[in-house]
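Below: one structure, written as structure tokens.
Nothing in this text is a laboratory measurement; each read-out follows from the coordinates by a stated rule. Source: prediction; values computed, not measured. When we count neighbours, we look across all protein chains shown, and the Cβ atoms used for this are built from the backbone with ideal geometry, even at glycine.
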Amino acid sequence: MKPVLLFTLGLALLPFTTPAHAAPEIGNPAPEFMANDVDGHHVMLSSLKGKTIVLEWSNPDCPFVHKQYDTGNMQAVQKEATKDNVIWITIDSSAKGKEGNYPAPELKKIYADQKANFSHLIIDESGEIGKLYAAKTTPHMFVINEKGVLVYAGAIDDKSGFEKEEVKTAKNYILAALNDLKAGRPVAISSTKPYGCSVKY
């Protein structure tokens, strides 16, 4: 076998990997992104400076997401946040052909039927935004303050099962972080371990 063929065969046998994105760090500027939401509105993170922002990674087929939405808990947290002028951005990073991937009209209807209260719904089919934030689970939550600095990353609450009864006694980390920001305090709990289904990149 010619040397060039040996070299080619060797490359073929190497494991295929994609560049890893480092998770954004608490206290640093949140990574910039821009995308159109399902209604065609352009969303650019840096243009939202001056507003508190919540990012919610979601997959409507995930039982952990069902736990939050079927009980109305996620909608209640969204409503509480948005009434205080927080911008809530729900992101679906499921790749084409994977669980949770839907055309925009279908995904929009799913959340409309659930009476979701987010500001924007973004389909991140390429996974670009998800990988930028190293989003691992659905749900995986991030809070960004008015200066564009990441102040919370992790789980929505402290009950990591998918039993719906858990939401009644759960400590909600997002509401706690938003209350701290509203009161002008540093976010007391700024990082937790996310739980849920893996993001379907």
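A few comments on the model shown:
- Note that the chain, at 20 °C in a medium of 1.002 mPa s, gets a Stokes-Einstein diffusion coefficient of 121 µm²/s from its Kirkwood radius over C-alpha pairs.
- Highest mobility in the GNM of the chain, judged by mean-square fluctuation with C-alpha springs under 10 Å and restricted to Gln78, Gln68, Gln114, is found for Gln114.
- Counted by neighbouring Cβ atoms within 10 Å, the residues Asp180, Asp124, Asp92 run from fewest to most as Asp180, Asp124, Asp92.
- For the chain, modelled as a GNM whose springs connect Cα atoms under 10 angstrom apart, the maximal fluctuation among Ile110, Ile91, Ile122 occurs at Ile110.
- Calculated FRET value between Asp61 and Glu25, using beta carbons and R₀ = 25 Å, to 0.05: 0.20
- Net charge contributed by nearby residues that have their C-beta within less than 9 Å of Leu178 (K/R +1, D/E -1): -2
- Residue-wise HN-Hα coupling along region 186-195, computed from phi with Karplus coefficients 6.51, -1.76, 1.60 (Hz; x: Gly, Pro): x, 5, 5, 10, 9, 8, 9, 7, x, 9
- Highest-fluctuation residue, Ala22, Ala153, Ala177 considered, GNM on the chain with Cα pairs under 10 Å: Ala22
- In terms of other Cβ atoms within 10 Å, His140, His66, His120, His41 run from fewest to most in the order His41, His66, His120, His140.
- Across the chain, C-alpha contacts under 8 Å between residues 6 or more apart give a mean separation that, scaled by the residue count, equals a relative contact order of 27 percent.
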